[in-house]
Amino acid sequence: MTDFYDTLETRDPAEREVELFSHLPDVLRKALAAPAYVERLKGVDPARITSRSALATLPVLRKSELPALHKAAPPFGGFVASPPGAYGRLFTSPGPIFEPEGAHADPWRGARALYAAGFRKGDVVLNTFSYHLTPGGFIFDTSARALGCAVIPAGPGNTEAQFELIEAYSPVGYCGTPDFLKILLDAAKDTGRNVSSLGRAVVSGAAFPKSLQEEIKARGIDAYQSFGTADLGLIAFETAGREGMVVNEDLILEIVRPGTGDPVADGEVGEVVVTTLDPDHPWIRLAIGDLTAALPGASPCGRTNMRIKGWMGRADQTTKVKGMFVRPEQIAEIARRHPELARLRLVVARENEQDTMTLRCESASSSEALRAAIAATLRTVTKLGGDVELMAPGSLPNDGKVIADER
C-alpha cells in the first residue's frame, strides 16, 4: 500500500462509526478504574454508551480545569489508574498539566499524519520540536520512528548546528513549527548553507498563513499542517487532498457549542471535544478550547474519516464587564431558557468610558415582549444589564463566537 497508512483510513464511514462505538464501553470501564472518572461518570452504565447521542449525555471535561485538578491530586488529577512508573516518559505542559507517554509504539498516534505528508520507512527526519520537559519533540520523534524513519533530535534554535546536521545526514523531512522552518531557510540562504535535501515537512504549533505556505512551497518544500495537543497527541492532519484536515483514527471527535457539551449542527463552528480509545490513558470528552467546523463529504485523497477546517480560534471567550466575568456558559444558559432562539452573540463594547453589553439573538419573532423577556434573563444570569437585539435567523456569522469583545 502506497497511498494510505492502512485499510482503516478508507473504511466505509458507517463501519468506522460502528467499530469506534463498539470499543467505547470497554474504554469507559477502563476509565472508571481511575478515581476522578468514578466521580465524574457516577451513575453511567458503559454498556449504554454506544452512539454519539449517548456520548453527548456525558459531562465535558475542560482542559482549562486540568491544572487545578492535577494540583489537587498529583500528578494526573486522578484520571489514570496506573502509577507514573507504568508509563514510558513523563512530561509537563504550561499550567502545569502533567502528561504520561504510553509505553506502546506510536503512543501519540502521529504516524498517520507523517505518512499522509509523504514520510516513509528509511527517511531521515529533522525534528525541531522541543525535547525539554514538554512532549512536543517526542510526539513527532516516536511517530517518525514508528514509520521506520531515522530521527535527528535537533530541537529548536542554534541554526549553525542545524546546518551541520542537515549537511551531514541529508534529512528529507522536517518536523517543527512553520516559523522555525522559515528561519532555517532564510539563514541557509544568507550563509550559503545547503539544505536542499529537505523536501517535505509536517508543521504544527503555530499559525501557517497562506502567504507562508506559498513561500515554503516556492522554496521546494511540500509542507502539511497537523493539529494536536500535548494531552491527546495528533488529532487531525492535512493530506494531499488539501481540503481541511482528516481526523485521526482511534478517537471520537465532537464539535459542541462553546460553554456546553451540546453538539452543533453539521457545518457550524464549535469547540473541539475528543474521546480517545487508548485504554492506558483514556480521555472522555476532553474539551480542548479550540474552535473548528466539520466539512461535508470525504477528502479527495481517499481517506473517509470526518474532516475539519482546522484551527479557527479559541472557544474560551470569557471576558470581564464592569468588573464581573461573563462566560460562554452563561450565554448557553440564556439559550436554554429561550429555546425559540437560534444563535446568540453577546457583544461587549465601550461607550462614554463605560462597558456596554448587547445580546444579539436570531429569532423568527421580533416582538417586544420576547425582547424584554430575554433582557430580564440576561440580567438574571449575568447579574448585569444589557440591550437585546432580535435578528433574522441566519444573520449572525458562523464563527463559533458567543462573546465578542469589541472594546
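Conditions (1) in contact with a His (Cβ under 7 Å, 6 or more places away or on another chain); (2) crowded, with 17+ Cβ neighbours inside 10 Å; (3) more than 21 Å from Asp316 (Cα to Cα), marked per residue:
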site	(1), (2), (3)
Asp355	no, yes, no
Leu359	no, yes, no
Ser363	no, yes, yes
Ser366	no, no, yes
Leu370	no, yes, yes
Ala373	no, no, yes
Leu378	no, yes, no
Val388	no, yes, yes
Asn398	no, no, no
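Checking the condition at pLDDT 95 or above and more than 23 Å from Pro59 (Cα to Cα), which residue from Thr275, Thr239 passes?
Thr239
For (1) in contact with a Pro (Cβ under 7 Å, 6 or more places away or on another chain); (2) of a type outside the set (Asp, Glu); (3) in a strand (DSSP E or B), each residue gets a yes or a no:
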site: Gly261; (1), (2), (3): yes, yes, no
site: Glu268; (1), (2), (3): no, no, no
site: Val273; (1), (2), (3): no, yes, yes
site: Pro279; (1), (2), (3): no, yes, no
site: Ile284; (1), (2), (3): no, yes, no
site: Ala287; (1), (2), (3): no, yes, yes
site: Gly297; (1), (2), (3): no, yes, no
site: Asn305; (1), (2), (3): no, yes, no
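Test Arg303 against the stated conditions and say whether it is touching a residue at least 40 places away in the same chain (Cβ under 8 Å) and surrounded by fewer than 19 Cβ atoms within 10 Å (Cβ to Cβ).
Criteria not met by Arg303.
Consider Glu389 carefully, then state whether it is within 23 Å of Val269 (Cβ to Cβ) and not in a loop (DSSP other than H, G, I, E, B).
yes
Kindly indicate whether any position in the range 90-111 is at pLDDT 95 or above and assigned to a helix (DSSP H, G or I).
Yes, the range 90-111 contains a residue that is at pLDDT 95 or above and assigned to a helix (DSSP H, G or I).
Inside the range 206-224, can you point out the residues that are in contact with a strand residue (DSSP E or B) (Cβ under 8 Å, 6 or more places away or on another chain) and either outside any strand (DSSP E or B) or at positive phi (or both)?
If the condition is that a residue be in contact with a strand residue (DSSP E or B) (Cβ under 8 Å, 6 or more places away or on another chain) and either outside any strand (DSSP E or B) or at positive phi (or both), then Phe208, Gln213, Ile216, Lys217, Ile221 are the ones that fit.
If a residue must be crowded, with 22+ Cβ neighbours inside 10 Å and farther than 26 Å from Asp45 by Cβ, how many such residues does the range 258-286 contain?
Selection size over the range 258-286: 5.
Name every residue in the range 75-119 that is under 25 Å from Tyr174 (Cα atoms) and either of a type in the set (S, T, N, Q) or not assigned by TED's automatic domain parsing to the domain that holds Ala36 (or both), in order of residue number.
Thr92, Ser93
Any residue at all in the range 148-161 that's part of a strand (DSSP E or B), touching a residue at least 40 places away in the same chain (Cβ under 8 Å) and surrounded by 15 or more Cβ atoms within 10 Å (Cβ to Cβ)?
no
Would the range 232-240 turn up any residue that is among the acidic types (Asp, Glu) and either surrounded by fewer than 22 Cβ atoms within 10 Å (Cβ to Cβ) or not assigned by TED's automatic domain parsing to the domain that holds Leu133 (or both)?
First, pick out the residues of the range 232-240 that are among the acidic types (Asp, Glu): 238.
If we keep only those that are either surrounded by fewer than 22 Cβ atoms within 10 Å (Cβ to Cβ) or not assigned by TED's automatic domain parsing to the domain that holds Leu133 (or both) too, we end up with none.
No.
Of a type in the set (A, V, I, L, M, F, W, C), within 28 Å of Thr318 (Cβ to Cβ) and touching a Pro at 6+ places or on another chain (Cβ under 7 Å) - does that describe any residue in the range 245-257?
Going through the range 245-257, the residues of a type in the set (A, V, I, L, M, F, W, C) turn out to be 245-247, 251-253, 255-256.
Applying the additional criterion that residues be within 28 Å of Thr318 (Cβ to Cβ) yields 245, 247, 251-253, 255-256.
Still in the list and also touching a Pro at 6+ places or on another chain (Cβ under 7 Å): 255-256.
Checked against the condition, which is being of a type in the set (A, V, I, L, M, F, W, C), within 28 Å of Thr318 (Cβ to Cβ) and touching a Pro at 6+ places or on another chain (Cβ under 7 Å), the range 245-257 yields at least one hit.
The values are calculated or read from the model by the stated rules, or taken from the named source; none is laboratory data. Remember, predicted model here, so these are calculated numbers, not experimental data. Positions of Cβ are backbone-derived with ideal geometry, glycine not excepted, and every protein chain shown enters the neighbour counts.
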